[in-house]
Amino acid sequence: MANVATAQSATPRDIRKIVADLGYPTDWNWAWENYKPTIIAIAREYGLKRHLEIGGGRDPLFAPDEVRALGFEVTLNDISAKELSLAPSGYAKVQCDIAAADAPEILGKEHYDLAYCRMVMEHVPDVARMWRNIHAVLAPGGMALSFFPTLYAPPYVLNRLIPESVSRPLLEFVFPDRKPDGDNPKFPAHYDYCFSDESRIVPMLRDAGFSEITVLPFWGYSYFWKFPILRQIDAGFTRLAQDRGWRSVSSFAYVIVRK
Ligand SMILES: C[S@@+](CC[C@H](N)C(=O)[O-])C[C@H]1O[C@@H](n2cnc3c(N)ncnc32)[C@H](O)[C@@H]1O
């Protein structure tokens, strides 16, 4: 694997050009398969070496050998000491709530060139504060990405409406690996600012201080695959929403911002 954390390209490509070159379609499978390639491409394009993975938990995006091969310096953050302890060694690890008032001091102001998280934003009750903190820990010109599920996709609407005491056993029944001792435990979700609709999220990101903001929507998920009839109806609706570009019912989004 080529070391990518070298000098910035003479004329960095625009974010939309970078994802277009990676073949961006609005399909959810692409989103899952291409989050890491997108981060690598952006790090290469803009020469971003010092990384902060927020809520990296037990399963950081880049394995220690990838971090070394790519020439990154990755600090792993999580609110949970247990999750951090389950992550492999080979990273700097900082336990804190990314939305806490003192997070910038704990993580280091202007200390990182690139910050990113995957499936974390929906668990943070105060997302506006989270983005203000991300802005504070980024060096000038630094960039950040978040990959998150979006409202009003039906599974997330249900998850938000149904009390945790009901949704948790239901999810654990359908997906046994979502149990607390499983490989993919469920964390309480709030979905604060979890929208791909730009009118709902861009003003908050501007208020946090970001100048360049890109929001990429995706449609599709597997939550209803075990339920015949519901699965077909939902898949038909999701396809229609994707064809028409209805962001109000997208399933996932990437937010990519520059300080
Ligand atoms: C669904 S897991 C995702 C883990 C990992 N990013 C992944 O994609 O596999 C959510 C993670 O976010 C962490 N988390 C939740 N709220 C957080 C916060 N306010 N600050 C930092 N981490 C948080 C959880 O402890 C957990 O490790």
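The values are calculated or read from the model by the stated rules, or taken from the named source; none is laboratory data. This structure is a prediction, so every number in the text was calculated from the model and none was measured. Neighbour counts run over all protein chains shown; Cβ positions are idealised from the backbone, glycine included. Side chains included, ligands, DNA and RNA excluded: accessible areas come from the protein's heavy atoms. Shrake-Rupley method; radii C 1.70, N 1.55, O 1.52, S 1.80 Å.
Got a number for the accessible area of Tyr24? Probe 1.4 Å, square angstrom, nearest 10.
Roughly 60 Å² of Tyr24 is accessible to a 1.4 Å probe.
Evaluate the relative contact order of the range 206-257 (contact order divided by residue number), counting alpha-carbon pairs under 8 angstrom at least 6 apart; express in whole percent.
Answer for the range 206-257 is 57 percent.
For Ile98, what accessible surface area do you get with a 1.4 Å probe? Give it in Å², rounded to 10.
Result for Ile98: roughly 10 Å² accessible.
Each residue of the range 21-33 in order: what ³J(HN,Hα) in whole Hz does its phi give by Karplus 6.51 cos²θ - 1.76 cosθ + 1.60, θ = phi - 60°, with x for Gly and Pro?
5, 7, x, 3, x, 8, 8, 4, 4, 4, 4, 5, 6
What is the distance in Å between the Cα centres of the range 160-209 and the range 101-142?
A separation of 19 Å, based on Cα centres.
For Thr11 and Ala69, calculate 0.36 nm times their separation in residues minus their Cα-Cα distance, and state this gained length in nm to one decimal.
So the extension gain works out to 18.4 nm.
Around Lys186, under 9 Å between beta carbons, what's the net of Lys plus Arg minus Asp minus Glu among the other residues?
Cβ neighbours under 9 Å give a net charge of +1.
Throw me the Rg/Rh for the chain, computed over C-alpha atoms with Kirkwood Rh, two decimals.
Result for the chain is an Rg/Rh of 0.95.
Carbon-plus-sulfur fraction of the accessible area of the chain, 1.4 Å probe, in percent?
55 percent
For the range 210-259, with every protein chain kept in place, what is the accessible area per residue (1.4 Å probe, Å²)?
I get 49 Å² per residue for the range 210-259.
Taking the DSSP beta bridges in the chain as the whole, what percent of them are antiparallel, to the nearest 5? Don't skip to the answer; put the middle values down first.
On the way: 14 of 32 bridges.
Roughly 45 percent of the DSSP beta bridges within the chain come out antiparallel.
Output wanted: per-residue J couplings in Hz (rounded whole) for the range 202-207, from phi through Karplus 6.51 cos²θ - 1.76 cosθ + 1.60, θ = phi - 60°, x for Gly and Pro.
These are the phi-based 3J(HN,Hα) values: 5, x, 5, 5, 5, 4 Hz.
Given 10 °C and 1.306 mPa s, how large is the Stokes-Einstein diffusion coefficient of the range 153-259 in µm²/s, with Rh as the Kirkwood radius over Cα pairs?
102 µm²/s
How would Leu158, Leu61 rank on accessible area, largest to smallest, probe 1.4 Å?
Leu158, Leu61
Could you tell me how many cubic angstrom of Cα convex hull volume the range 197-259 has per residue?
On the way: hull volume 4.9 nm³, N = 63.
Each residue corresponds to 78 Å³ of Cα convex hull volume.
Which of the three applies to the range 10-155, rounded, prolate or oblate, going by the alpha-carbon gyration tensor with a ≥ b ≥ c and a/c under 1.5 meaning rounded?
rounded
Evaluate the charge dipole of the chain about its Cα centre and quote only its size in Debye, nearest 20, assuming +1 on the Cβ of each Lys and Arg and -1 on the Cβ of each Asp and Glu.
Result for the chain is approximately 340 debye, rounded to the nearest 20.
At 0.36 nm per residue, and after removing the present C-alpha to C-alpha distance, how many nm does the segment from Glu172 to Asp59 gain when stretched out fully?
38.7 nm
Ignoring ligands, DNA and RNA, what accessible area per residue does the range 98-140 give at 1.4 Å, in Å²?
Details: 1540 Å² over 43 residues.
Counting only protein heavy atoms, the per-residue value for the range 98-140 is 36 Å².
Starting from the 7 Å offset along Cα-to-Cβ, what nm value, one decimal, do you get for the label separation of Ser89 and Glu212?
Placing both labels 7 Å beyond Cα along the Cβ direction yields 3.9 nm.
What is the extension gain from Val157 to Lys226, computed as 0.36 nm multiplied by their sequence separation minus the C-alpha to C-alpha distance, in nm to one decimal?
Details: separation 69, 0.36 × 69 = 24.84 nm, distance 1.85 nm.
Extra length from Val157 to Lys226 when fully extended: 23.0 nm.
Assigning unit charges at the beta carbon (Lys, Arg +1; Asp, Glu -1) and nothing else, what dipole magnitude in debye, to the nearest 20, does the range 111-187 show about its Cα centre?
Around 180 debye, computed over the range 111-187.
To the nearest 10 square angstrom, what accessible area does His190 show with a 1.4 Å probe?
Spelled out: His190, probe radius 1.4 Å, area about 80 Å².
Heavy atoms only, 1.4 Å probe, whole protein assembly: order Asp59, Asp27, Asp183, Asp78 by accessible area, highest first.
Asp183, Asp59, Asp27, Asp78
Spin-label point model (7 Å from Cα, Cβ direction): what's the Asp181 to Ala101 distance in nm?
Here the answer is 4.0 nm between the modelled labels.
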